[in-house]
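Let me begin by presenting the structure, written as structure tokens, before commenting on it.
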Amino acid sequence: MKVKMLSWNPDNYVRETKLDLQRVPRNYDPTLHPFEVPREHVRALNATKLERVFAKPFLASLDGHRDGVNCLAKHPKNLATVLSGACNGEVRIWNLTQRNCIRTIQAHEGFVRGICTRFCGNSFFTVGDDKTVKQWKMDGPGYGEEEEPLHTILGKTVYTGIDHHWKEAVFASCGQQVDIWDEQRTNPICSMTWGFDSISSVKFNPVETFLLGSCASDRNIVLYDMRQATPLKKVILDMRTNTICWNPMEAFSFTAANEDYNLYTFDMRALDTPVMVHMDHVSAVLDVDYSPTGKEFVSASFDKSIRIFPVDKSQSREVYHTKRMQHVIRVKWTSNSKYIMCGSDEMNIRLWKANASEKLGVLTSREKAAKDYNQKLKEKFQHYPHIKRIARHRHLPKSIYSQIQEQRIMKEARRRKEVNHIKHSKPGSVPIVSEKKKHIVAVVK
Amino acid sequence: METAPKPGSDVPPKKDKLQTKRKKPREWKNPESQRSLSGAQDPFPGPAPVPVEVVQKFCRIDKSRKLPRSKAKTRSRLEVAEAEEEETSIKAARSELLLAEEPGFLEGEDGEDTAKICQADIVEAVDIASAAKHFDLNLRQFGPYRLNYSRTGRHLAFGGRRGHVAALDWVTKKLMCEINVMEAVRDIRFLHSEALLAVAQNRWLHIYDNQGIELHCIRRCDRVTRLEFLPFHFLLATASETGFLTYLDVSVGKIVAALNARAGRLDVMSQNPYNAVIHLGHSNGTVSLWSPAMKEPLAKILCHRGGVRAVAVDSTGTYMATSGLDHQLKIFDLRGTYQPLSTRTLPHGAGHLAFSQRGLLVAGMGDVVNIWAGQGKASPPSLEQPYLTHRLSGPVHGLQFCPFEDVLGVGHSGGITSMLVPGAGEPNFDGLESNPYRSRKQRQEWEVKALLEKVPAELICLDPRALAEVDVISLEQGKKERIERLGYDPEAKAPFQPKPKQKGRSSTASLVKRKRKVMDEEHRDKVRQSLQQQQQQQKEAKAKSTGARPSALDRFVR
């Protein structure tokens, strides 16, 4: 007879010395790992709960300004530097790692309306209520020198915004019209305008660098081509847009922060329907900034919160608020896509984590593996009701919470009336307009 | 941008670049292009072949299931997931190459019957380490013994009818504890690790440490005849003489459910390791399946003409073996039809049944144990010829195969016998699940992780993968509600809008003509579909009518 018994050599299964790692043989046969789905479900539930436990996004508050923060700008090369302009004309340069202010300049009399850095990082421009555009050096004045701008341009009208080209020595300012300036000249190389109202902000496209977008008070968003020095097309919305931001990864896509509490993501090629309407704020949206990954953006609103939205979803994934933070005027996403800075009108700039439960610093390989596994589990089970409920839960201040309830009731009432209108009229006589198209008035080429 | 912007309002921007790319099957490089400098060619071009059954083992998506029609985005995501699953199952099948051990076997030469080979011959023929696994403990004083191996297979606990309870590491023969509980012991079970023992004593259920210290006396579980531990739910199921099936959660110490089986005294119980369902055998020949979430049994299977005396379920949850007072031993198919696959009449009724990890079935009939084996791991054991037999010194009272070893433990009235059964144990264990060679630290880490991922008792049902299925009912319900709320169906196909064209092709007449074309096409499709449905119905009616001969009982067919 031929017989063989199963026998293990302990040398293959037990470690030799205390200093060795333990041996862990693996067999992935599903019969040895029963209850895969329920166990993964429980692990996903635990991962979601722990994510909420470790969600502590607030990092620091930079105070020093003596009036509300009106504009923010990032340094293009240095992650730790941020510039801010206040409503009393003061411009401060902050170091984020040391969380202190490294330089203060009394730049303008009146508001600092806009601030932007040059693409090389050596200088920055500011515009103010005193109708001037000033260019300053990024490094401070040397010993014994006075704080003087490199260059001052006097204009005839108030300038309300400024943005610098991403590659060339050209910048654009807006006020009564959009002016394109060459850095060496004191007169704009061209002025573009379409309509008769003032323009509140202007932004250059980071990918297709000759494109510009601007928002005007007559509720339109105009796109310009710098090479042809003409406006390209405009879209008229229901209410005024405060700012736009171009998607750094997709050349044709931009998001507009509107007064009707929504944000609209447009595809430049087809402006008559927004790609997505992002509805979650309960008051006017004042600023929007994209993450360098191009997949998410952050919005600042007059209700005292900032929200992070994914580009392809209409609901926010995260909301940050503090008792001390009042109306948030400006928000920026840092260039390493990890932090968010917001400037509010109570004179503070706050630094937040973009992923609230992320552990900062260097992670060991085991930590990374556990984090990736938990991330994948949360993604896989995100639609299950128990898990969705926990993942979506956020504490909101009473003002925002009650506003949300009220606005939901109003929206429901409006929708019920529309449904009844459609039901009780001749079928086909009342057109069904999708939510996306409702807010666009016209597109003009 | 030099190109003109795309026209048309219904052209969505290309977002495919942001979404996951659709995974195309990997195209292997042309072998001719991989010639090395010497001009030699790979004699086995392409990827190494993988056996199909092994790949099937790792496939988890049931492709035959029909899902309701979903949006294009969801459909593309499902396709990507299916392609990924195929790739990963091939990779997992390849990783089987790394498994170091081979299962045991016993073959007779020249048509020799393996059933005639006795244990002494096997002990002589194998190596010393394996021979040491065969031992007899002569314990005649304290009554017939019942035994239980821990989940890793290293530790053995046994309890005699007259109160003798002991736990030991049977490989090194190191005794952990030995006590006499001064009461009749009806059943004994290890809890999740070798640190805790549950003993069903005459009156109540007691929990002991592996040092013999009594930790708990659970008075709500009285007159317990049988115990079963569900390891992934941390539930101890007890069947009592009063007819109650009680589930006790040992991690929090609460009784999760006390179900009245309404079938009198319960003394035949087994668990299905695949879905944690408890099988109870009754004296009217039925086996009922229980879950703590439901007050009624999940299913009742009529198995035998007399009472059911033993039930066992294999580790994959595919086969159930039952034996009854009618001297029959039957194997049922548990996945799909609950029909008997094979039957065998035994000279003496089998009072105890057990399955091994590799699908061997053992039956204890009086003082003889018979073991039947199947062709491979996946097939049921063939009951024609026994694989091995053994006679013990007393009637059998407890049977269990040791996990991960080729050993069968038998508790009888003369003590404990450990028998060698080549080919019974799973040769390759997974170090993170049950590791017989784990250290104390590894056991502690494993225990913490197991407690964290303890499955709640409400999730026990006949199909453990039910949680991963698409909830079709809720989906349809949600769709209906949305249509009601919005007043129209957002997913309904929008009525055809002819695209505006230049050069006079957009005049009213041509627009009407284009609309008409599309409408006629849709109408033709509808008519074709309805014709097909009618033909199918006619076929089915014909098949039904020409099938069975009309009988008097047809009037009762609904």
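What tally of residues in segment A:268-287 results from selecting those that are touching a residue at least 60 places away in the same chain (Cβ under 8 Å), among the β-branched types (Val, Ile, Thr) and more than 9 Å from chain B (Cβ to nearest Cβ)?
Final tally of qualifying residues: 2.
Please go through segment B:433-452 and give me each residue that is surrounded by fewer than 17 Cβ atoms within 10 Å (Cβ to Cβ) and either in contact (Cβ under 8 Å) with a residue 60 or more places away in the chain or within 7 Å of chain A (Cβ to nearest Cβ) (or both), ordered by number.
At the first step, the residues of segment B:433-452 found to be surrounded by fewer than 17 Cβ atoms within 10 Å (Cβ to Cβ) are B:433, B:439-445, B:447-449, B:451-452.
B:Glu433, B:Ser439, B:Gln442, B:Arg443, B:Glu447, B:Leu451, B:Leu452, listed by residue number.
Residue under question is B:Gly487, and the condition is that it be facing another protein chain (nearest Cβ under 10 Å), surrounded by 15 or more Cβ atoms within 10 Å (Cβ to Cβ) and at pLDDT 90 or above; does it hold?
So B:Gly487 does not fit the description; no.
Select from segment B:502-519 the residues that are part of a loop (DSSP other than H, G, I, E, B), open to solvent by less than 100 Å² (accessible area, probe 1.4 Å) and farther than 21 Å from A:Pro431 by Cβ and list them in ascending order. Full working, then the answer.
As a first pass, look at segment B:502-519 and keep what is part of a loop (DSSP other than H, G, I, E, B): B:502-507.
If we keep only those that are open to solvent by less than 100 Å² (accessible area, probe 1.4 Å) too, we end up with B:504, B:506-507.
Selection gives B:Gly504, B:Ser507.
Search segment B:43-67 for residues that are farther than 30 Å from B:Asp471 by Cα and pair each with any residue that is among the aromatic types (Phe, Trp, Tyr) and part of a loop (DSSP other than H, G, I, E, B) when their beta-carbon atoms are under 8 Å apart and the residues are at least 6 apart or on different chains.
Every condition considered, the pairs that remain are B:Pro45/B:Trp28; B:Gly46/B:Trp28; B:Pro47/B:Trp28.
Can you name the condition, by its number, that A:Phe54 falls short on among (1) open to solvent by 50 Å² or more (accessible area, probe 1.4 Å); (2) within 14 Å of another protein chain (Cβ to nearest Cβ); (3) at pLDDT 95 or above?
(2)
Which of (1) open to solvent by 90 Å² or more (accessible area, probe 1.4 Å); (2) within 13 Å of chain A (Cβ to nearest Cβ) does B:Lys66 not meet, given it meets every other one?
Unmet for B:Lys66, out of (1) open to solvent by 90 Å² or more (accessible area, probe 1.4 Å); (2) within 13 Å of chain A (Cβ to nearest Cβ): (2).
Listed residues B:Thr286, B:Thr337; which is at pLDDT 95 or above and open to solvent by 20 Å² or more (accessible area, probe 1.4 Å)? Don't jump to the end; show me each part of the working.
Numbers: B:Thr337 fails: at pLDDT 95 or above.
Going through B:Thr286, B:Thr337 in turn, the sole match is B:Thr286.
Regarding segment A:333-347, can at least one residue be identified that is in contact with a Ser or Thr (Cβ under 7 Å, 6 or more places away or on another chain), among the hydroxyl-bearing types (Ser, Thr, Tyr) and not in a strand (DSSP E or B)?
Yes - at least one qualifying residue is present in segment A:333-347.
Please verify whether B:Arg146 is open to solvent by 50 Å² or more (accessible area, probe 1.4 Å) and not hydroxyl-bearing (Ser, Thr, Tyr), treating the condition exactly as stated. Don't jump to the end; show me each part of the working.
Values: open to solvent by 50 Å² or more (accessible area, probe 1.4 Å): no; not hydroxyl-bearing (Ser, Thr, Tyr): yes.
No; evaluated as a whole, the condition is false for this residue.
Between a residue in segment A:401-420 that is within 13 Å of another protein chain (Cβ to nearest Cβ) and in a helix (DSSP H, G or I) and any residue that is open to solvent by less than 100 Å² (accessible area, probe 1.4 Å) and of a type in the set (Phe, Trp, Tyr), which pairs come within a Cβ distance under 9 Å, given they are 6 or more apart or on different chains?
Qualifying pairs under 9 Å: A:Val419/B:Tyr488.
With respect to the numbered conditions (1) open to solvent by less than 50 Å² (accessible area, probe 1.4 Å); (2) within 12 Å of chain A (Cβ to nearest Cβ); (3) under 32 Å from the mean Cα position of the chain (by Cα); (4) of a type outside the set (Asp, Glu), which one is the sole condition not fulfilled by B:Arg151?
(1)
Do you know which residues across segment B:231-261 are within 14 Å of chain A (Cβ to nearest Cβ) and either open to solvent by less than 10 Å² (accessible area, probe 1.4 Å) or over 26 Å from B:Leu452 (Cα atoms) (or both)?
If the condition is that a residue be within 14 Å of chain A (Cβ to nearest Cβ) and either open to solvent by less than 10 Å² (accessible area, probe 1.4 Å) or over 26 Å from B:Leu452 (Cα atoms) (or both), then B:His233, B:Phe234, B:Leu235 are the ones that fit.
Residue-wise test of (1) in contact (Cβ under 8 Å) with a residue 40 or more places away in the chain; (2) within 14 Å of another protein chain (Cβ to nearest Cβ).
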{"site": "A:Phe35", "(1), (2)": "no, yes"}
{"site": "A:Val42", "(1), (2)": "no, yes"}
{"site": "A:Asn46", "(1), (2)": "no, yes"}
{"site": "A:Leu50", "(1), (2)": "yes, yes"}
{"site": "A:Ala60", "(1), (2)": "yes, no"}
{"site": "A:Lys74", "(1), (2)": "yes, no"}
{"site": "A:Ser84", "(1), (2)": "yes, no"}
{"site": "A:Asn88", "(1), (2)": "no, no"}
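One residue is enough: does segment A:368-377 have a residue meeting the conditions over 30 Å from B:Leu459 (Cβ atoms) and open to solvent by less than 60 Å² (accessible area, probe 1.4 Å)? I'd like the intermediate steps shown before the answer.
Narrowing segment A:368-377 to residues over 30 Å from B:Leu459 (Cβ atoms): A:368.
Filter once more, so that each one left must be open to solvent by less than 60 Å² (accessible area, probe 1.4 Å): none.
Checked against the condition, which is being over 30 Å from B:Leu459 (Cβ atoms) and open to solvent by less than 60 Å² (accessible area, probe 1.4 Å), segment A:368-377 yields no hits at all.
Could we say that B:Ile473 is within 30 Å of B:Phe232 (Cβ to Cβ), modelled with pLDDT of 85 or more and exposed (fewer than 11 other Cβ atoms within 10 Å of the Cβ) here? Break it down stepwise before answering.
Values: within 30 Å of B:Phe232 (Cβ to Cβ): yes; modelled with pLDDT of 85 or more: yes; exposed (fewer than 11 other Cβ atoms within 10 Å of the Cβ): yes.
When the stated conditions are applied, B:Ile473 passes them.
Quick check: is even one residue across segment B:334-341 part of a strand (DSSP E or B), within 23 Å of B:Gly376 (Cβ to Cβ) and within 14 Å of chain A (Cβ to nearest Cβ)? Can you show your working first?
The initial filter retains those residues of segment B:334-341 that are part of a strand (DSSP E or B), namely B:340-341.
From the residues that got through so far, the ones that are within 23 Å of B:Gly376 (Cβ to Cβ) too are B:340-341.
Filter again for within 14 Å of chain A (Cβ to nearest Cβ), leaving none.
Scanning segment B:334-341, I find no residue that is part of a strand (DSSP E or B), within 23 Å of B:Gly376 (Cβ to Cβ) and within 14 Å of chain A (Cβ to nearest Cβ), so the answer is no.
Show me the strands (runs of 3 or more DSSP E) found entirely inside segment B:170-220 where at least 3 residues are over 19 Å from B:Leu245 (Cα atoms) and open to solvent by 40 Å² or more (accessible area, probe 1.4 Å).
Details: elements: B:174-180, B:185-190, B:196-201, B:204-209.
Because the criterion is at least 3 residues that are over 19 Å from B:Leu245 (Cα atoms) and open to solvent by 40 Å² or more (accessible area, probe 1.4 Å), the strands (runs of 3 or more DSSP E) in segment B:170-220 that meet it are B:174-180.
Within segment A:389-433, can you find the residues that are open to solvent by less than 50 Å² (accessible area, probe 1.4 Å) and either at pLDDT 90 or above or of a type in the set (S, T, N, Q) (or both)?
A:Ile390, A:Ala391, A:Leu396, A:Pro397, A:Ile400, A:Ile404, A:Gln407, A:Ala413, A:Ser425
Is segment B:469-479 home to any residue that is within 11 Å of another protein chain (Cβ to nearest Cβ) and in contact with an Asp or Glu (Cβ under 9 Å, 6 or more places away or on another chain)?
Yes, that holds for at least one residue.
Among what's in segment B:262-277 and is within 24 Å of the chain's Cα centre (by Cα) and among the hydrophobic types (A, V, I, L, M, F, W, C), pick the residue that is nearest to the other protein chains (Cβ to nearest Cβ).
B:Ala276
May I ask you to say which residue of B:Pro395, B:Pro464, B:Pro456 is in contact with a His (Cβ under 8 Å, 6 or more places away or on another chain) and within 30 Å of B:Glu296 (Cβ to Cβ)?
Details: B:Pro395 fails: within 30 Å of B:Glu296 (Cβ to Cβ); B:Pro464 fails: in contact with a His (Cβ under 8 Å, 6 or more places away or on another chain).
Being in contact with a His (Cβ under 8 Å, 6 or more places away or on another chain) and within 30 Å of B:Glu296 (Cβ to Cβ) holds for just one of B:Pro395, B:Pro464, B:Pro456, which is B:Pro456.
Counting only residues that are surrounded by 22 or more Cβ atoms within 10 Å (Cβ to Cβ), more than 7 Å from chain A (Cβ to nearest Cβ) and small (Gly, Ala, Ser), which one in segment B:416-431 is farthest from B:Ala450 (Cα to Cα)?
Ranking the qualifying residues of segment B:416-431, first place goes to B:Gly423.
Could you list, in sequence order, the residues of segment A:421-442 that are under 23 Å from A:Met276 (Cα atoms) and away from chain B (no Cβ under 12 Å)? Please lay out each step first, then the result.
We begin by selecting, within segment A:421-442, every residue under 23 Å from A:Met276 (Cα atoms); these are A:431-442.
The answer is A:Lys438, A:His439, A:Val441, A:Ala442.
If you check B:Ser89 against the conditions, is it within 30 Å of B:Val421 (Cα to Cα) and either modelled with pLDDT of 80 or more or part of a helix (DSSP H, G or I) (or both)?
no
Which residues, counting only those in segment B:116-141, are touching a strand residue (DSSP E or B) at 6+ places or on another chain (Cβ under 7 Å), more than 7 Å from chain A (Cβ to nearest Cβ) and assigned to a helix (DSSP H, G or I)?
Hits for segment B:116-141 are B:Gln119, B:Val123.
Would you call B:Gln497 surrounded by 10 or more Cβ atoms within 10 Å (Cβ to Cβ) and touching a residue at least 24 places away in the same chain (Cβ under 8 Å)? Even if it seems obvious, please write down each step before you answer.
On the way: surrounded by 10 or more Cβ atoms within 10 Å (Cβ to Cβ): yes; touching a residue at least 24 places away in the same chain (Cβ under 8 Å): yes.
Yes: the conditions hold for B:Gln497.
The values are calculated or read from the model by the stated rules, or taken from the named source; none is laboratory data. Nothing here was measured: the structure is a model prediction, and the numbers come from that model. Cβ atoms come from the backbone with ideal geometry, glycine included; neighbour counts cover every protein chain shown. In case anyone asks, the SASA skips ligands and DNA or RNA and just uses the protein heavy atoms, side chains included. Shrake-Rupley method; radii C 1.70, N 1.55, O 1.52, S 1.80 Å.
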